[in-house]
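A.B. asks: My structure is below; once you've seen it, I'll send some questions.
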Amino acid sequence: MAGFIKRKSVVILTLLGLACPFIGMALIDFYYFSSLIGWIAGFICFVFAYIIVVRRPETETEV
């Protein structure tokens, strides 16, 4: 399971980054600033995915 998450972490973070603003907008009745928090969380997910892509070596061994 850890190997799957390590290989697919960029995809998972990107999908989570896309979903966070929509989740935040859906929770606007629960907490007034949830939309803002969702947008910030989505941006942070994209930044983490970008950092992983930049630090990843060009050639990877396929498992």
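The values are calculated or read from the model by the stated rules, or taken from the named source; none is laboratory data. Treat the numbers as computed from the prediction; the structure is a model and nothing was measured. Glycine also receives a Cβ, built like all others from the backbone with ideal geometry; neighbour counts cover every protein chain displayed. SASA here: full protein model, heavy atoms, side chains in, ligands and nucleic acids out. Shrake-Rupley method; radii C 1.70, N 1.55, O 1.52, S 1.80 Å.
A.B. asks: How large is the charge dipole for the chain, taken about the Cα centre, if only the Cβ atoms of Lys, Arg (+1) and Asp, Glu (-1) carry charge, to the nearest 20 debye?
C.D. replies: It works out to roughly 140 debye.
A.B. asks: Expressed as a rounded percentage, what relative contact order does segment 1-41 have, with Cα pairs under 8 Å and six or more residues apart?
C.D. replies: Once divided by the residue count of segment 1-41, the mean separation gives 33 percent.
A.B. asks: Could you state the angle between the C-alpha long axis of helix 9-26 and the longest principal axis of the C-alpha atoms of the chain, as a value from 0 to 90 degrees rounded to the nearest 10?
C.D. replies: Compared with the principal axis, the helix lies near 0 degrees.
A.B. asks: Please calculate how many Å² of accessible area segment 10-54 carries per residue, with a 1.4 Å probe and no DNA, RNA or ligand atoms counted.
C.D. replies: 74 Å²
A.B. asks: Continuing with this model, one more query. How tilted is helix 34-55 with respect to the longest principal axis of the chain? Cα atoms for both, answer in degrees (0 to 90, nearest 10).
C.D. replies: It works out to around 10 degrees.
A.B. asks: For the chain, evaluate the Debye formula with one uniform point scatterer on each Cα (no solvent term) and list log10 I(q)/I(0) at q = 0.15, 0.21, 0.28 Å⁻¹, rounded to two decimals.
C.D. replies: Values returned for q = 0.15, 0.21, 0.28 Å⁻¹ are -0.54, -0.80, -1.08.
A.B. asks: At 222 nm, what value in deg cm²/dmol follows for the chain if DSSP H runs of at least 4 each add -39500 (n - 2.57) and the sum is divided by all its residues, to the nearest 500?
C.D. replies: Computed mean residue ellipticity for the chain: -24000 deg cm²/dmol.
A.B. asks: Quick one: with all protein chains in place, what share of the accessible area of the chain is carbon or sulfur, to the nearest percent (1.4 Å probe)?
C.D. replies: Answer for the chain is 75 percent, counting heavy atoms of protein chains only.
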